[in-house]
Amino acid sequence: MSDTRTPGRLFRMWDNDIAYSFRKSPLAIVSGVVALVIVLAAVFAPLIAPTNPYDPSGLNLMDGFTPPMAPNAFTGNSFVLGADNQGRDVLSTILYGARISLFVGFSAVLFAMVLGIVAGLVAGYRGGWVDAVLMRIADVQLSFPSILIALLIFGVARGFIPPSQRETMAIWVLIVAIGLSDWVQFARVVRGATMVEKSKEYVQAARVIGVSPARILLRHVLPNVMGPVLVIGTIGLALAIIAEATLSFLGVGVPPTQPSLGTLIRIGQQYLFSGEWWILLFPALTLLALALAVNLLGDWLRDALNPRLR
Amino acid sequence: MLAFIIRRVVQSAIVMLVVALVAFALFRYVGDPINSMVGQETSLADREALRTRLGLNDPFVIQFGRFVGNALQGNFGISYRLQQPVMELILQRLPATLELALVSGLAAFILGVSAGVYTALNRRGVIPSAIMAASLIGVSLPTFLIGILLIWLFAVELQWLPSFGRGDTVTLPGGWVTGFLTSSGRQSLILPAITLGLFQMTLIMRLVRAEMLEVLRTDYIKFARARGLPNRTVHFGHALKNTLVPVITITGLQLGAIIAFAIITETVFQWPGVGALFINSVRAVDVPVMAAYLVLIALIFVIINLIVDLLYYAVDPRLRVERSAARH
Amino acid sequence: MTLLAAFRRSGMATALATSALALTFTVSNASAETIRWARVADALTLDPHSQNEGPTLAVLHHMYESLVRRGTDGSLQPRLATEWNIHPDDPTVWVFKLREGVTFHDGSPMTAEDVVFSFERVRHESSGFQALHTAVTGATAVDDHTVHVQMAGPSPLYVQNLTNFFIMDSGWAEKNDVVAPQNFAAGEESHAVRNANGTGPYTLVSRDPEVRTVMAYNNDHWDDAPAVTEIIYTPIAEPATRVAALLSGEVDLVQDVPVQDIQRLEQTDGVKIVAGPENRNIFFAYDVTSEKLASSNVDDNPFAHAEIREAMALALDRDAIKQVVMRGQSQPSAAPLPPFVNGWTEDLNAYSAPDYDRAKELVSEIYPNGFSFDMHCPNDRYLNDEAICQAYVGMLGRIGVEANLVSQTRSLHFPLIENWETDFYMLGWGVPTFDSAYVFDFLLHSREDGFGSYNGSRYANDDVDAKIESLSTMTDLEARNKVIAEIWDQVMEDRPILNIHNQLLAYAVRDGINLEVHPENQPQMSTVTYDN
């Protein structure tokens, strides 16, 4: 499809309004920088992390519970942010953990976004029973919070995936679980906008001259909803990262041998009372910083994309 | 009107049936209920016999039919784990969850609306910005972590508030067990209610703020100002009143979410409600309780949804079935 | 049942419970001590013959009593039976002399008839304790205070099976229609599940499952009056919440203390830790028999090679696990046998130091590129179970063996072992009979005729099987112990099990409360004493 108008328009918007609003908002700049630093650190974790926490042959259990910046009593090893209960360098586990959290978050949101946009476009454009069925499914889905849906999907996955592959599949199951529980918001926004656009004269005209519905939807309807979709997506990213942490807390997340930030927090909270604060504190702060930055960006983006609020 | 109501009720019934199917099918095949019912030393033959007696070897359709038939009579069987009728268990635990949900929902509503109005009317400035930022910290921390941190701070370090449970309770006529009437019951409620309500409060606050900002730019408000009405009347008499309709709708719809989110809060605080009952049942693969819980949550939501639908219809016939589109 | 009726019914029960609770509070102000006892899980039922499960038994021991009991030193002590011996003329009959003047909570006297009834009930098909009483063919009341138990053959150690066998009132059972233990299939709630009428030192005051169970001293109890006159039992599943409740003074005794919090609690003013060994050892086991593993990347079964099993043992650094994961709360051991148990020796306990170089060499001789497999582990059953597995995954990584950790909740983990769906798994085993035969029967005999239900390693050795079977009827204890030693020698040579350690138990109590750790983790509140 030779559609250059959409990115062009978005780009111009970015160039003028959005960038201006960004420059004017110190909070947006700070959160943008924080988010960028965490994302980059996670992407390049293998290059910058002091150790590879996934490589069991490099671990020494006796390093366990080494406090930050202090040598271990048995091994003499020292770690900037301390070592966790398995003797892993906390800094490295955070870098690798953020990688997994971000991967799960981005993939889940992308999955939800694609699913929600398709469902919303189809429901809004076709109307009738298709719309009724899709929206009833959305209603049912909304009655179950994401955590519950994810637990259900884990249950289904358990039935289908052979035990030997559950570990490797865990991360994909997590993505599907969080994504599936999150598509409704996208679908509703897109459906609403589609129904508004559908009744406009230019769409009616295009339909009369035989432009395919898919083309109408992608070319005329979709660009109009990209703003809200982007906002929902950004806030959804923060929610997805937190959902992953909560699922890991309930014990259905990624395995502890390849921890995400959520798994690290689950492990760390066991040591809240015993004085090994660094195992909980540093992953929790990273998660907080990441989710907060993404939330603030989403917030700012919504205001920026809604000219009436400026 | 009648046709509309019938259609909605039929749709709701179908929704319930689908939920029942999902609830039954999923948990029927997760884990092995037999294993949670018998000790480690029970022989394989005994297990198989128990399986047959419980009807777990029957075809799926027969098991599901039996499930729906019983569910309609409020009979979800006996909890494998606690060996009590499931319905009785859920009704015993429901007051705890509803009281928690009510308090945290009300607190979230009152605080959320106040903060939302305040930040909408004062868009620039240090305090509104701080409130907006602080509200984001609340949603950026996982619920379980907030709960544990609150326990650590207020129960262990400061020793101001209890760390778990409901405290002393009083049974009202009709069987409702309440924690509102004792001081330990009220104290026990504080930390779980904060944990559970924080997210909803943020949601409501942001919604109110956004709606207020929208309403404040409408012509109708401009006319009101032009007429020389004082700010106070404009803001609270007109703008807020208009804002509250969607806010109350969303809050109503969120009630189901609060009850379900109570799972995590109740786990952390050992709150004896249906959420803790559910997660304990998941851990022990107590199928009847899990199925009943899912159906219950869906029922609550479907009923709220139905009422909202009918109210919309009554208030504004133009909305008809299109109200979903108008809800954003 | 309609919703309304259920609501009313549950409400009434709780209303009664609440008023009773108020009553005991006023009494307790006079001269009594209340102990608030928290642990990880609630009793599953109050039916004394339904569930053979740790927390259930620990609670039941306060309201019901057994014929004999296990002391904190592991010895058998008299309880409702004052004497027990094998009939002088018939080695297949056990004779029990009952304590006189004992009454149930409802006032009816405890007689031989009740004991006979309890023997029948515990052997009913819906009982969770049948396996412990399979050798019994019947019990008869000789007089009011003497019971003869007829066995299928000589069973010299049968009395060891009776420490969790509770005596129930036959009249009460008949009156309340609970002659058989709770039966799930009947679809009815059983009166015995939430009511108790035993002979124990405490009577049930109120019970709200998973929330709170209150018990009060039974003034008519036959033994000396205990210091504790009221027990409030609260299950708290979250470890952090449990510890917080103790630190904030809301409970007096926490039974399942997370090992990492022991040190902090020891240093906390007003709280102390009592510790002792539990009768439970934690081990790994491998599928040593199958042609090919389900989860491995190699085409044969690495665990079938004795060299690989030796290498895996050499890679297990038990001392490091004790030091870091268990914070000292374990007793490393080579044999899957706690020290209390008949058949235990120093030699069986001795374990070798880890030798990663040698282990790596052994692995690379057979698998130059190493091999992989799935390690199955529970994450909510034993002390730091998941962390132990995780540590071992790291140790195996050092010898070129790649283990994929699959840790999950116990209700999903145990079926893998029962159904032979795991190549390598963690399991913990307690020995309530304090005899090696219990370990052999369930873990090492090949899976047939009711034996080996937890033999997940598919270990099958005809010679060992025959010897195990011979144990149950041997009356010459010395000869029997010799056979036990022979079996252990063979098993330790074949290595179907890789033992890690025995767990140590720790209870955290408020200062001034004295309570000993019970090897079966069944603390008895009537033994609590207070300083001052």
Would you grab the residues whose amide H sits under 5 Å from the one on C:Asn279? Only those 5+ places off in sequence or on another chain, please, with H modelled 1.01 Å from N. C:Glu520, C:Asn521
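Which ordering of C:Asp463, C:Asp287, C:Asp300 is given by a fewest-first count of other beta-carbon atoms within 10 Å? Present the calculation step by step, with values, prior to reporting the outcome.
On the way: C:Asp463 10, C:Asp287 26, C:Asp300 15.
Going from sparsest to densest Cβ surroundings: C:Asp463, C:Asp300, C:Asp287.
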If we restrict to alpha carbons, what Rg and Dmax does the protein assembly as shown come to, in Å? 32.0, 112
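How large is the translational diffusion coefficient of chain B in µm² per second when you combine the Kirkwood radius over alpha carbon pairs with Stokes-Einstein at 10 °C and 1.306 mPa s?
Estimated via Stokes-Einstein, D reaches 70 µm²/s.
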Considering the Cα trace of segment A:233-310, what is its radius of gyration and what is Dmax, both in angstroms? 15.5, 52
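With the convex hull built on the Cα atoms of segment B:114-207, state its orientation-averaged projected area in nm². Write down the numbers at each step before the final one.
Values: hull surface 31.8 nm².
For segment B:114-207, the mean projected area of the Cα convex hull comes to 8.0 nm².
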Please list the non-local residues whose amide H lies under 5 Å from the amide H of C:Gln408, H modeled 1.01 Å from N, same-chain partners needing a gap of 5 or more. C:Cys377, C:Asn379
Based on Cβ point charges of +1 for Lys and Arg and -1 for Asp and Glu, what charge dipole magnitude is obtained for segment B:95-268 about its Cα centre, in debye rounded to the nearest 20? 900 debye
For labels at A:Val196 and B:Leu72 in the simple 7 Å Cα→Cβ model, what's the distance in nm? 4.4 nm
At 1.306 mPa s and 10 °C, plugging the Kirkwood radius over alpha-carbon pairs of chain C into Stokes-Einstein gives what diffusion coefficient in µm²/s? 64 µm²/s
Could you tell me which of C:Ser126, C:Thr92, C:Met215 has its Cα farthest along the dipole of chain C towards the positive end, charges placed at Cβ (Lys, Arg +1; Asp, Glu -1), taken about the Cα centre? C:Met215
Assign unit charges at the C-beta atoms only (+1 for Lys and Arg, -1 for Asp and Glu), then state the dipole size of the protein assembly as shown relative to its Cα centre in Debye, rounded to the nearest 20. 8720 debye
Positive end of the charge dipole of the protein assembly as shown (Lys, Arg +1 and Asp, Glu -1 on Cβ, about the Cα centre): tell me which of C:Asn461, C:Phe283, C:Leu253 has its Cα farthest that way. C:Leu253
What lysines could a cross-link reach from C:Lys292, if we take a straight Cα to Cα line under 28 Å and drop same-chain neighbours fewer than 8 places away? C:Lys360
Note the full-extension length gain between C:Asp476 and C:Gln77 as 0.36 nm times their separation in residues minus their Cα-Cα distance, in nm to one decimal. 141.4 nm
Angle in degrees between helix C:462-471 and the longest Cα principal axis of chain C, rounded to the nearest 10: 20 degrees
Quick one: compute the contact order of segment B:95-268, relative version, from alpha carbon pairs under 8 angstrom and 6+ residues apart, as a percent. 34 percent
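Calculate the mean, over all residues of peptide B:128-137, of how many other protein chain Cβ atoms lie within 10 angstrom of the residue's Cβ. Write out the running numbers ahead of the final one.
On the way: counts 0, 2, 0, 0, 3, 6, 0, 2, 12, 4.
For this peptide, the per-residue mean of nearby foreign Cβ atoms is 3.
What does the average come to when, for each residue of peptide B:163-176, you count the partner chain Cβ atoms lying within 10 Å of its Cβ?
Working: counts 14, 12, 9, 2, 1, 4, 6, 3, 10, 2, 2, 4, 11, 3.
Mean partner shielding for this stretch: 6.
Mean Kyte-Doolittle of at least -0.5 plus a Cα span of 24 Å or more along the axis: flag which DSSP H helices in chain B meet both, please. Walk me through the intermediate numbers first.
Numbers: long enough: B:2-28 (38 Å, 2.05); B:86-121 (50 Å, 1.48); B:183-216 (44 Å, 0.90); B:240-269 (38 Å, 1.52); B:287-315 (42 Å, 2.41).
For chain B, where a helix must reach 24 Å along its axis and average at least -0.5, the hits are B:2-28, B:86-121, B:183-216, B:240-269, B:287-315.
Determine the shape class of segment B:95-268: with a ≥ b ≥ c the square roots of the Cα gyration tensor eigenvalues, call it rounded for a/c under 1.5, and otherwise prolate if a/b is greater than b/c, oblate otherwise. Numbers along the way, then the final one.
Numbers: a/c = 2.63, a/b = 1.86, b/c = 1.41.
Prolate shape, in that a/c is at least 1.5 and a/b is the bigger ratio.
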Residue by residue through segment C:229-239, the couplings from Karplus 6.51 cos²θ - 1.76 cosθ + 1.60 with θ = phi - 60°, in Hz, x for Gly and Pro, are 10, 9, 10, 10, 9, 10, x, 10, 6, 6, x
Lys/Arg +1, Asp/Glu -1 at C-beta; segment B:95-268 dipole; positive extreme among B:Met132, B:Phe144, B:Ala224: B:Ala224
How many nm is it between the label spots at B:Leu229 and C:Trp222, if each spot is 7 Å from the Cα in line with the beta carbon? 8.5 nm
Mean projected area (nm²) from the convex hull of Cα positions in segment C:255-401 is 10.3 nm²
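Given segment C:79-154, what whole percent of its Cα pairs are spread farther than 20 Å? Could the numbers behind the result be given before it?
Details: 953 of 2850 pairs.
Across segment C:79-154, Cα pairs with separations above 20 Å total 33 percent.
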Long-range amide H contacts for C:His105: which residues qualify at under 5 Å (H placed 1.01 Å from N, peptide plane, sequence gap of 5 or more or a different chain)? C:Gly198
For C:Arg207, C:Arg242, order by how many other beta-carbon atoms lie within 10 Å, fewest first: C:Arg207, C:Arg242
If each DSSP helix of 4+ residues adds -39,500 (n - 2.57) and the sum is divided by the residues in the protein assembly as shown, what number results at 222 nm, nearest 500 deg cm²/dmol? -16500 deg cm²/dmol
If I fit a long axis through the Cα atoms of helix C:54-63 and take the longest principal axis of the Cα atoms of chain C, what angle between them do I get, 0 to 90°, rounded to 10? 20 degrees
Cα-based reach from B:Lys222 at 30 Å (exclusive), listing lysines while leaving out same-chain residues under 8 positions away: A:Lys24, A:Lys200, B:Lys241
Where in segment C:110-136 does the amide nitrogen come within less than 16 Å of the point 7 Å from the Cα of C:Lys175, taken along Cα to Cβ? C:110-111, C:114
Taking R0 as 56 Å and r as the Cβ-Cβ distance between A:Lys24 and B:Ile14, the FRET efficiency 1/(1 + (r/R0)^6), rounded to the nearest 0.05, comes to 0.65
Spin-label point model (7 Å from Cα, Cβ direction): what's the B:Ser114 to C:Asp449 distance in nm? 7.7 nm
Setting aside same-chain residues fewer than 8 positions from C:Lys467, which lysines have a Cα under 20 Å from its Cα? C:Lys482
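Here, each number is a calculation from the coordinates, and none is a lab measurement. Not measured: the values here are computed from a predicted model. So basically every Cβ, Gly included, is an ideal-geometry build from the backbone, and we count neighbours across all protein chains shown.
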